[in-house]
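Each value in this text was obtained by applying a stated rule to the coordinates, not by laboratory testing. Since the model is a prediction, treat every value here as computed from it, not as a measurement. Backbone-built Cβ (ideal geometry, glycine too); neighbour counts: all protein chains shown.
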Amino acid sequence: MPRSLLIISRQSPWSGPSAREALDVVLAGGAFDLPVGLLFLDDGVFQLAAKQDARALQQKDLSANLQALPMFGVEDLFVCGDSAAERGLDPKVLSLEEAQVLSAGEITALIDRYDQVITL
Amino acid sequence: MKFAIALFSAAHAPSSRRALLFAQAALAGGHEIVRLFFYQDGVYNASGSLVTPQDELDLPRQWRSFVTEHRLDGVVCIAAALRRGVLNAEEAGRYQREAVAVAAPWELSGLGQLHDAVQDADRLICFGGA
């Protein structure tokens, strides 16, 4: 059985290439049919803020790539509810509907379930 | 034990130094390193273009000697390297750039190599992530 890998994405989408590069690891895993999960934690939850205008920053929009995750076979998507609440984001209106909102305790259990973890 | 080591921080970062020390200790302890994978700013550790002051640690050089001496599989993520201008001769030619920063023992390859290493190793050890 293939080893499972959880990618924890902790950076906001416009603070550099980190968020995109974390997503690329996830998409590559999905392309190889590997059991990968993605958790948005800390500033990473800003990637899910609705109605962002990437063009105003002369950047490419990351949210279109995020929406493609289920198409790449990545369905294990999680978001830290506390991180969202601390940043004034309502977990109910995040741009990735498939993402499950987890409490801190649930995140501990989530990390435990995966064989390997990468935090970016 | 079989280790895969992923490095995400630039050559001047303390975590990059720790990664090398860990890798050296792993081999000294009789363990195997199935692959080193440099991603994000970690690609700078494979750059031959860095110039370190003489009285400071030249980490890219140390990595290069370490990988060469132990014939390790040292992979630099090609997408991360292109973004940061850390090109080998082939990519410099492909994109018509003058500066070539990476050569053997490093190989430029895709993220599939990271996933492959994760599957192959008992443990993935990451340095310099967020």
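Just tell me the longest site-free run in chain B, where the sites are trypsin sites (Lys or Arg not before Pro) in a DSSP loop having at most 13 other beta-carbon atoms within 10 Å. Answer - B:1-70. Starting from the Cα coordinates of chain A, work out the convex hull volume and express it per residue in Å³. Dividing the Cα hull volume of chain A by its residues yields 91 Å³. Counting Cβ atoms of other protein chains within 10 Å of each Cβ in A:48-58 and taking the mean gives 0. Distance from the Cα centre of region B:67-130 to that of region B:1-41, in angstrom? Each part's Cα centre sits 13 Å from the other's. Counts of other chain beta carbons within 10 angstrom of each beta carbon in peptide B:111-122 average 5. The simple spin-label model puts a point 7 Å past each Cα toward its Cβ; for B:T68 and A:E98 those points are separated by 4.6 nm. Working from Cα pairs under 8 Å separated by at least six residues, relative contact order for chain B is 37 percent. Label zone (A:R113, point 7 Å along Cα-to-C-beta; backbone nitrogen cut-off 15 Å) within region A:69-96: A:74-81.
Compute the distance in nm between two label points, each set 7 Å from the Cα along the Cα-to-Cβ direction, one at B:R83 and one at A:S15. For the pair B:R83/A:S15, the computed spacing is 1.5 nm. Normalising by residue count, chain B has a Cα convex hull of 100 Å³ per residue. Which GluC sites (Glu not before Pro) does region B:41-130 hold that lie in a coil by DSSP with at most 16 other beta carbons within 10 Å? Sparse-neighbourhood loop GluC sites (Glu not before Pro): B:E56, B:E98.
Assuming R0 = 45 Å, can you tell me the calculated FRET efficiency for the pair A:A64 and B:K2, based on Cβ-Cβ distance, to the nearest 0.05? Don't skip to the end; give the middle numbers.
Numbers: r = 38 Å, r/R0 = 0.84.
Efficiency for this residue pair is about 0.75.
Computed from label points 7 Å out along Cα-Cβ, the spacing between A:A31 and B:A103 is 3.0 nm.
Relative to the compact-globule scaling 2.2 N^0.38 Å, provide the ratio for the alpha-carbon radius of gyration of the protein assembly as shown.
On the way: Rg = 18.6 Å, N = 250, 2.2 N^0.38 = 17.9 Å.
This ratio for the protein assembly as shown stands at 1.04.
Packing, taken as the mean count of other beta carbons within 10 Å per residue, orders the peptides B:5-15, A:77-87 from highest to lowest as B:5-15, A:77-87.
The helix-based estimate of mean residue ellipticity at 222 nm for the protein assembly as shown, built from -39,500 (n - 2.57) per DSSP H run of four or more residues and divided by its residue count, is -9500 deg cm²/dmol to the nearest 500.
Any aspartates and glutamates with Cα under 16 Å of the A:K60 Cα? List them, leaving off those in the same chain fewer than 8 positions away. Leaving aside aspartates and glutamates fewer than 8 places away in the same chain, those within reach of A:K60 are A:E21, A:D24.
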